[in-house]
Amino acid sequence: MLLFALGFLLVILQPSTGQFPRVCANVQSLLSKECCPPWDGDGSPCGELSNRGSCQNILLSQAPLGPQFPFSGVDDREDWPSVFYNRTCRCEGNFMGFSCGECKFGFSGLNCTERQVKTRRNIFQLTASEKNKFLAYLNLAKNIPSQDYVIATGTYSQMNNGSNPMFRDISVYDLFVWMHYYASRDTLLGGSNVWRDIDFAHEAPGFLPWHRVFLLMWERQIQRITGDENFTIPYWDWRDAEDCEVCNDEYMGGRHPTNPNLLSPASIFSSWQVICTRSEEYNSQQALCSATSEGPIRRNPGNNDKSRTPRLPSSADVEFCLSLTQYESGPMDKMANYSFRNTLEGFADPQTAISNPAQSGLHNALHIYMNGSMSQVQGSANDPIFVLHHAFVDSIFERWLRRHRPMLEVYPAANAPIGHNRENYMVPFIPLYRNGEFFKPSRELGYDYQYLQEPALQSFQDFLTPYLQQARQIWPWLVGAAVFGGIVTAVLTGLVRACQKKKGGTSSEIQPLLIESEEYNNITYQSNF
């Protein structure tokens, strides 16, 4: 009955976040390179008549890129989305969306003027009803087609530069699986040649902002297809976990009784089919993933290569990572040392912050530990645990932002790997989002985390930490200044007393033995450094 009701809601609600807008996946839009659909509210492109936005040329970043991708003009994702469109809607104020028909994250209301902050909660603190509703929402998203978005099944050149569109329908959940694949796929160079050292969502500064947008869009999709505007993604706090606590039939699916690589038949996820997992096959065919079914979800948690990932991450790993003051460093890729981003992503040791791609820590450790569909980058979002995992990774990013309070300029403006500079648009999102736009506290984007709200002491500690770290660095100077100040004070006090005795010609009987309380309260002591 619940699924029937949710299906009915889909008919009356129109989701609108994703990849290629259906209204722009046609010959006219591709040849004109313009995606400025009319807003339903007034029928004008981008809602221009209602001052919601207007159709504008896309302004691309001209900042230099890093050396990791030595090509130009060979990949549709370069200077996203200019290969497909060079004019899109530019929305005003708090409006957002490919037609400016939505509100920015963190705003709601008819004119998008009402601020809102929703709370993401620990999955184990949901009531049974809330947990079952979450699982039903996931299953609904897996089985209902996206109304507003389609995926590309060919490159722009394979589409004859737009004259032969190659798109297909896809379910709401699989739309996000496909987007994760598309952002991280290899570059097809022709023949049997590919370039693997490229990823628009990983191994570089954009890793955390990209997945932040991904989750916000996914969250909004669920809100819209279900009509549940209060829905938020739950998270799995995996710190110090001894095993996969969500891998049971009550939550994300237990182990199959006869095949440890599959899910229990009692789980709704055992019937799910994965897509976009055969990267070598796509590469050999110089083709894109077409989102056809490729078998069931595979998962065998804990039976992974222990030499690469010996254990799940600990609280100590997370705390060390949070202590790192640099967001990015060096080459700004998986070889970066002392980089918060690279350490949290898992390419640097969580105890030293020295790059070691042969090991997998923190974020990467969870993917490897699952030992299945989630362990391959391009198809990892097929496993619904992906959402719980990345929500918690995002919460660690949030803790770092609150603790260190970085300026926007901390996010690299230039020389990052392709697609990861501050002003680059994120692949493959339409509407367009820049990396730097999501390098800010989550509350400004309309959400918070339950465990970051609850212990007020923790929030206070996160607030004080940057100041304590600065004080620790200048502590020797403070001690020296205090000692010097003490010596100066002692000398001056001695001189003052000597002068007072010299001036005091009267007998000791007329000198006050105690300072009157009124005079005492007017005396102050200062230390000047």
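Data overview
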quantity: Flag for residue 312 being in contact (Cβ under 8 Å) with a residue 60 or more places away in the chain and either more than 30 Å from residue 153 (Cβ to Cβ) or open to solvent by 20 Å² or more (accessible area, probe 1.4 Å) (or both); calculated: yes
quantity: Members of region 184-194 found to be under 17 Å from residue 72 (Cα atoms) and either basic (Lys, Arg) or touching a residue at least 40 places away in the same chain (Cβ under 8 Å) (or both), listed by number; calculated: 185, 186, 187, 188, 189, 190, 194
quantity: Whichever residue in region 276-308 is without any contact (Cβ under 8 Å) to a residue 40 or more places away in the chain and among the polar types (S, T, N, Q) and, among such residues, is nearest to residue 360 (Cα to Cα); calculated: 307
quantity: Residues satisfying the stated conditions in region 254-270, i.e. open to solvent by less than 70 Å² (accessible area, probe 1.4 Å), in a loop (DSSP other than H, G, I, E, B) and touching an Asp or Glu at 6+ places or on another chain (Cβ under 9 Å); calculated: 264, 267
quantity: Residue that is modelled with the lowest pLDDT [pool: residues in region 14-32 that are open to solvent by less than 50 Å² (accessible area, probe 1.4 Å) and of a type outside the set (S, T, N, Q)]; calculated: 15
quantity: Count of residues meeting criterion [more than 29 Å from residue 317 (Cβ to Cβ) and either hydroxyl-bearing (Ser, Thr, Tyr) or open to solvent by 20 Å² or more (accessible area, probe 1.4 Å) (or both)] in region 224-253; calculated: 7
quantity: Selection within region 271-283 - open to solvent by 40 Å² or more (accessible area, probe 1.4 Å) and closer than 23 Å to residue 132 by Cβ; calculated: 271, 273
quantity: Pairs where the first residue, in region 120-134, is in contact (Cβ under 8 Å) with a residue 24 or more places away in the chain and the second is outside any helix (DSSP H, G or I) and β-branched (Val, Ile, Thr), C-beta under 8 Å, 6+ apart; calculated: 120/232; 120/233; 121/232; 123/246
quantity: Unmet criterion (only one of (1) open to solvent by 40 Å² or more (accessible area, probe 1.4 Å); (2) charged (D, E, K, R); (3) within 26 Å of the chain's Cα centre (by Cα)) for residue 317; calculated: (1)
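The values are calculated or read from the model by the stated rules, or taken from the named source; none is laboratory data. The model shown is predicted, which means the values in this text are computed figures rather than measured ones. Reconstructed Cβ throughout: ideal geometry from the backbone, glycine too, with neighbour counts over all protein chains shown. When the accessible area is computed, the model is the full protein with side chains, heavy atoms only, and any ligands, DNA or RNA have been set aside. Shrake-Rupley method; radii C 1.70, N 1.55, O 1.52, S 1.80 Å.
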